[in-house]
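The values are calculated or read from the model by the stated rules, or taken from the named source; none is laboratory data. If you're wondering where the values come from, they're calculated on a predicted model, not measured in any experiment. All Cβ positions, even for glycine, are placed from backbone atoms using ideal geometry, and neighbour counts span all protein chains on display. These area figures cover heavy atoms from the full protein model, side chains too; ligands, DNA and RNA do not enter into them. Shrake-Rupley method; radii C 1.70, N 1.55, O 1.52, S 1.80 Å.
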Amino acid sequence: MTGPTVQDRYASAVMNTFGPPALALSRGLGARVWDTDGKEYVDLLGGIAVNTLGHAHPALVEAVTAQLSTLGHVSNFFSTEPQVELAERLLSLLGWSSGSETGRVFFSNSGTEANEAALKLTRRTGRTRLVAAEGSFHGRTMGALALTSKAAYREPFEPLPGDVTFVPYGDVEALAAAVDDTCAAVVLEPIQGEAGVVVPPAGYLTSAREIATKHGALLWLDEVQTGIARTGTWFAHQQEFAGGVAPDVVTLAKGLGGGIPIGATVARGDAATLLGPGNHGSTFGGNPVACAAALAVLDVVEQSDLLAAARERGEQLAALLAAEPHVREVTGFGLMRGAELDGDYAPQAVAAGREAGFILNATGPSRLRFVPPLVITADDLDALASALPGILDQAREAAS
Ligand SMILES: Cc1ncc(COP(=O)(O)O)c(C=O)c1O
């Protein structure tokens with residue numbers, strides 16, 4: 001006799017904030033995962049843009065194991081080498097550690113916390129008004145939620161803190177009209193991830209920089225989803241479409257730890273010293289195991305040239321999606337891609353994909369998002385190319 005499944009036990013033991021999970025997964029390797037029945041899947045979601053190195057990467061396993069065997073946690077009464085080294089590496093990757101550019105990092109454990117810290121930092125400017133974008137997603141804690149535009153996420157929890165004006169994403173005129181000398185910061189994702197990989201018009205972030213500077217406001221870019229090589233550069237704002245702008249604050253999480261929870265709020269110039277002793281804190285933030293994991297991620301990205309892999313595999317992914325007659329539009333850069341279908345059957349495509357052995361993701365009724373591990377292989381993507389027509393046919397049928 002078999003007992004209750006993991007799914008059954010989940011339903012009676014875990015709070016129902018996510019709805020029933022689609023699968024119970026038991027192991028992974030590279031860009032593949034296996035469910036508790038032993039069925040194999042190509043993972044095109046990567047834990048929602050988290051598993052930079054894929055599953056069970058030996059360098060990540062080794063780094064976490066070695067650090068945990070040496071010193072697992074100490075609190076922020078003390079510093080550790082991995083924490084300081086990670087701060088230095090992030091500043092260097094942002095170009096904020098040389099010449100006149102000085103930066104500082106605050107570590108936390110998630111994207112929403114990275115944004116929460118940035119929000120508190122903006123309060124220290126003496127101004128409280130913030131301008132964010134329609135379609136934005138910045139997290140679920142009350143401060144980050146105040147910057148998240150989706151009504152269904154916000155409304156059950158109102159009143160939310162802060163004075164936030166939302167403007168249409170990508171619209172320079174609307175941004176210019178909304179930002180004035182009372183504004184503490186302009187908060188933007190370089191590419192909107194949860195909205196379905198929405199890329200702003202070229203030059204938008206450069207204009208945002210100019211508008212923020214003109215009014216003495218900070219430019220805060222949320223790179224929680226786009227950061228750490230996802231789009232083919234270390235940070236999306238370093239790309240040509242973004243004008244190579246220098247923000248004042250960058251928030252990171254997701255891919256930074258490759259699956260180990262970590263968030264980082266990075267600020268430069270005057271913004272780097274706005275938070276002082278007693279202004280903010282975190283018991284776990286900067287934990288040496290999480291920092292060692294992040295250092296391993298950065299090392300492997302460099303040593304295995306995953307920046308080039310993100311670009312090359314990203315082109316392959318974009319091409320296979322564009323070749324599909326039922327895909328109307330392909331968006332994004334590197335291994336962060338959106339596909340707009342010719343009808344409202346994206347959730348059915350996710351279900352059909354699962355049946356065919358692919359973990360897919362829908363961000364809306366007609367929108368698929370692809371954020372796989374950066375180690376996904378050409379063969380994995382060839383397999384998707386072969387299966388996609390059948391998956392979309394089945395999905396259309398299921399939706400009709
Ligand atoms: C751009 C962006 N910011 C913040 C978050 C929140 O991150 P977390 O779920 O780690 O709190 C997300 C998560 O999807 C995100 O995409």
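Per-residue ellipticity at 222 nm computed for the chain from its helices equals -11000 deg cm²/dmol, with DSSP H segments shorter than 4 residues left out and the rest contributing -39,500 (n - 2.57).
For the range 236-275 and the range 321-400, write down the distance between their C-alpha centroids in whole Å. Comparing the Cα centres of the range 236-275 and the range 321-400, I get a distance of 29 Å. Express in % the proportion of alpha carbon pairs of the chain at distances exceeding 30 Å. Counting pairs separated by more than 30 Å, the tail of P(r) holds 41 percent.
Pulled fully out, how much extra length does the chain show between Thr128 and Ala323, if you take 0.36 nm times their separation in residues and subtract their Cα-Cα distance?
Value of the extension gain: 65.5 nm.
Where the accessible area of the chain is counted over protein heavy atoms with a 1.4 Å probe, how much of it, in %, is carbon and sulfur?
The computed percentage sits at 54.
With a Förster radius of 51 Å applied to the beta-carbon distance between Ser69 and Asp181, the computed FRET efficiency rounds to 0.45. Report note on the peptides 169-181, 114-126: ranked by the mean count of other C-beta atoms within 10 Å, highest first, their order is 114-126, 169-181. Just to be sure I understand: of the beta bridges DSSP finds with both ends in the chain, what percent are antiparallel, rounded to 5? Here the share of antiparallel DSSP bridges comes out near 65 percent.
For the range 106-246, the per residue solvent-accessible surface stands at 36 Å², with DNA, RNA and ligands left out and a 1.4 Å probe.
Computed extension length for Leu29-Ile48: 5.2 nm, one decimal, from 0.36 nm per residue of separation with the Cα-Cα distance subtracted. Is the range 99-179 best put as rounded, prolate or oblate by its Cα gyration tensor, with a ≥ b ≥ c the root eigenvalues, rounded for a/c under 1.5, and otherwise prolate when a/b is larger than b/c, oblate when not? Judged from the Cα gyration tensor, the range 99-179 comes out oblate (a/c at least 1.5, b/c at or above a/b). Accessible-area rank, largest first, for Thr331, Thr165: Thr165, Thr331, with all protein chains present and a 1.4 angstrom probe. Remark: spin-label model distance Phe78-Val61 equals 2.9 nm, labels positioned 7 Å along the Cα→Cβ axis.
In the context of the full protein assembly, Met142 retains an accessible surface of approximately 90 Å², using a probe radius of 1.4 Å and ignoring ligands and nucleic acids. Applying 1/(1 + (r/R0)^6) with R0 = 25 Å to the Cβ-Cβ distance of Asp342 and Asn16 gives a FRET efficiency near 0.15.
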